[in-house]
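Student: Quick one: the structure is below, questions incoming.
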Amino acid sequence: MYPPLRVFGAIRPRATGRGAALVSTAAIGVSSMVACTGSATPSTTSATSVADEAQEKAAVLADMKKSLSGLYQLDDPPEVTPVRWVLPEERQDLIDSCLAGEGFEKDSGGAINTAGRMEQYNLANYVCNMKYPPVPRYSKTWERTQKSAQYAWTRDYIIPCLSAHGYSLQKPLPSEAAFVDSWDTAAYRPFAELDERYEELKLDNSIWNRLERECAQTAPSAVLWDGVSVAEWKETHPIRPASNPS
C-alpha cells in the first residue's frame, strides 16, 4: 500500500484528514510488465513494452475517473484527455495553475472562494486532476524499499526542514523497522502532529502552504523509485531556513 493520491486544489491545504482531499489509489490495477522471453526479437519486445505502458496508463485513468467522480459528486463526468503525464510531486502546481485558469485562484493564504460556485469548482477540480495524471511507473504499490526511502526522507529531510522553520515535533520518530511495519495502518507523519497542534502553533493557511512546499511530506519520485539518496537530493535541493520562523 502506498500513500493516497492527493487531489490538490482543496480550499484548505492541510495534513492527512483535514483540508486537501485524499483519494485512495490502492485499487489502481496497474498491470505488471510482461516479461520478455529470450527468443523475443527487439521489435516484439518494443511492441510489448508499448502495449504494457498503454495498459498501465488506462488503468490509472480508470481508477482516477472512478475516485474523482465520487469525490466531486459527478454522476456523468466528462471525458478528459491528459495534457501530459507528470511526476507525483509536480501535480500540485500544475493543478493549481489549471484551477486558476478556470477562475479558482488561491489567495495569499491558500484559500479559494467558491461561494455560489461549488458545483463549478468540483467540475474544475475533476478536469484539472484528470489533465495531469501521475506517471504509472511512480504510482505503483509501495514495497518495503519505498517505505524505507520514506523513512530516510522523514528522518533526514522533513524533520530537519520543519526544525529549520521553527517547528519541533513532540512525537519521536520510531525505528525504521517500526516505521515501515506500521506504514499501512498507522503511518508516522510529522505533518499529522502539526495538524493536531494547529491552533497551539498558531499556524494558518499561508504558513501551512509554505511548510508543505519547503518540507514535502512525501519523498520525491527519484528517492522513492530511482535509488537517489536523500543526501544526494539535498545537494541540489538544500533545506532552506525560514527567514522569519514562527
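Student: So how do R91, R240 line up by other beta-carbon neighbours within 10 Å, fewest first?
Tutor: Fewest-to-most ranking of R91, R240: R240, R91.
Student: Sort M118, M130 so the one with the fewest other Cβ atoms within 10 Å of its own Cβ comes first.
Tutor: Exposure proxy ranking, most exposed first: M118, M130.
Student: Next question, about the same structure. Could you pull out the pairs from K66/K171; K65/K106; K171/K234; K131/K171 whose alpha carbons sit more than 30 Å apart here?
Tutor: K66/K171; K131/K171
Student: Also, I was wondering about something else. Taking the highest mean first, how do the peptides 137-146, 120-129, 203-212 order by number of other beta carbon atoms within 10 angstrom per residue?
Tutor: Order by mean packing, descending: 120-129, 203-212, 137-146.
Student: Given Cβ point charges of +1 (Lys, Arg) and -1 (Asp, Glu) and nothing else, what value in debye, to the nearest 20, does the dipole of the range 144-236 about its Cα centre take?
Tutor: About 80 debye.
Student: Okay, next question. Percent of Cα-Cα pairs more than 23 Å apart in the range 161-246, please.
Tutor: Of all Cα-Cα pairs in the range 161-246, 30 percent lie more than 23 Å apart.
Student: Around V86, which amide H atoms from residues at least 5 apart in sequence, or from another chain, sit under 5 Å from its own amide H, with H modelled in the peptide plane?
Tutor: The list, which skips near neighbours in sequence, is V135.
Student: Given the convex hull of the Cα atoms of the range 92-237, what is a quarter of its surface area in nm²?
Tutor: Taking the Cα atoms of the range 92-237, their convex hull projects to 10.4 nm² on average.
We did not get these values from a lab; they are worked out from the coordinates using the rules stated. Given the structure is predicted, the values throughout are model-derived calculations rather than measurements. Backbone-built Cβ (ideal geometry, glycine too); neighbour counts: all protein chains shown.
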